[in-house]
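Asker: My questions will all concern the structure given below.
Only the coordinates and a few stated rules stand behind these numbers; no lab work does. Since the model is a prediction, treat every value here as computed from it, not as a measurement. We place every Cβ from the backbone using ideal geometry, glycine too, and count neighbours over all the protein chains shown.
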Amino acid sequence: MNSGRLRLMRSGDLARVLSWRNHPDVCQFMYTSHEISPEEHEQWFARNSEAPGVWLLIYEVDSAPVGFVNISLTRCAQVADWGFYLAPDAEPGTGRSLGEAALRYAFEELELHKLCGQALGFNERSVRFHERLGFTREGVLREQHCDGERYHDVICFGLLAAEWKNSK
């Protein structure tokens with residue numbers, strides 16, 4: 001798989017990103033699993049695309065959008081949370097290259113000290129994904145999220161810039 005690149009999300013990406021986000025293969029692993037309306041999506045984009053310390057990014061391979069990455073500073077400067085998802089029809093291996101591109105962006109472009117991630121406990125693919133990218137499992141928030149029927153653990157991950165640099 002060719003490595004891709006990240007670019008800032010534009011309003012022209014809204015419909016595509018919304019279709020990815022509302023796809024059952026994606027939304028089942030999100031904190032909010034309801035179908036997001038175009039109006040709600042537009043409001044989210046308007047609020048976040050201009051917010052300081054928030055980067056909404058599109059991952060492209062051969063100029064074709066295939067994934068989304070969100071990096072948001074936390075209460076501490078140089079420490080951020082990230083979230084991501086792929087187009088449901090993305091080729092195998094796309095996730096790994098998206099993750100590597102996001103880490104380069106976080107640590108080289110944004111010069112972050114630490115990147116944090118979370119995965120719902122039942123999302124084993126996301127747990128393995130974070131670990132393969134070099135994240136350390138930092139803790140479990142027991143029964144932290146309720147999907148309306150059941151409570152689920154939230155697994156917390158962290159990756160320090162020095163750890164990322166040493167692993168390259």
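Asker: Taking into account only those residues within segment 138-168 that are small (G, A, S) and touching a Cys at 6+ places or on another chain (Cβ under 7 Å), which is surrounded by the fewest Cβ atoms within 10 Å (Cβ to Cβ)?
Answerer: This residue is G139.
Asker: Might you let me know whether segment 76-89 holds any residue that is exposed (fewer than 15 other Cβ atoms within 10 Å of the Cβ), out of contact with any Leu (no Cβ under 6 Å at 6 or more places or on another chain) and more than 22 Å from L18 (Cα to Cα)?
Answerer: Yes, segment 76-89 contains a residue that is exposed (fewer than 15 other Cβ atoms within 10 Å of the Cβ), out of contact with any Leu (no Cβ under 6 Å at 6 or more places or on another chain) and more than 22 Å from L18 (Cα to Cα).
Asker: The conditions are (1) surrounded by 14 or more Cβ atoms within 10 Å (Cβ to Cβ); (2) assigned to a loop (DSSP other than H, G, I, E, B), and A101 fails exactly one of them. Which is it?
Answerer: (2)
Asker: So, one more: For segment 128-151, does any single residue satisfy the condition of being in contact (Cβ under 8 Å) with a residue 12 or more places away in the chain, in a helix (DSSP H, G or I) and either under 14 Å from the mean Cα position of the chain (by Cα) or more than 27 Å from H23 (Cα to Cα) (or both)?
Answerer: Yes, the conditions are met somewhere in segment 128-151.
Asker: Same structure again: From the residues in segment 57-105 that are over 19 Å from G12 (Cα atoms) and of a type in the set (S, T, N, Q), which one is nearest to the chain's Cα centre (by Cα)?
Answerer: S72
Asker: Residue by residue through segment 30-47, note down the ones that are within 16 Å of the chain's Cα centre (by Cα) and either outside any loop (DSSP other than H, G, I, E, B) or closer than 13 Å to F68 by Cβ (or both).
Answerer: M30, W44, F45
Asker: Is there any pair linking a residue in segment 16-37 that is on the phi < 0 side of the Ramachandran plot and among the charged types (D, E, K, R) to one that is outside any helix (DSSP H, G or I) and surrounded by fewer than 14 Cβ atoms within 10 Å (Cβ to Cβ), with Cβ under 7 Å and at least six apart or on different chains, and which?
Answerer: So the pair list comes out as D25/P88.
Asker: Which residue is nearest to L6 (Cα to Cα), if the candidates are limited to segment 107-120 and must be in contact with a helix residue (DSSP H, G or I) (Cβ under 8 Å, 6 or more places away or on another chain) and buried (at least 18 other Cβ atoms within 10 Å of the Cβ)?
Answerer: F107
Asker: What is the residue count in segment 122-137 for residues that are touching a Lys or Arg at 6+ places or on another chain (Cβ under 9 Å), surrounded by 12 or more Cβ atoms within 10 Å (Cβ to Cβ) and not aromatic (F, W, Y)?
Answerer: 4
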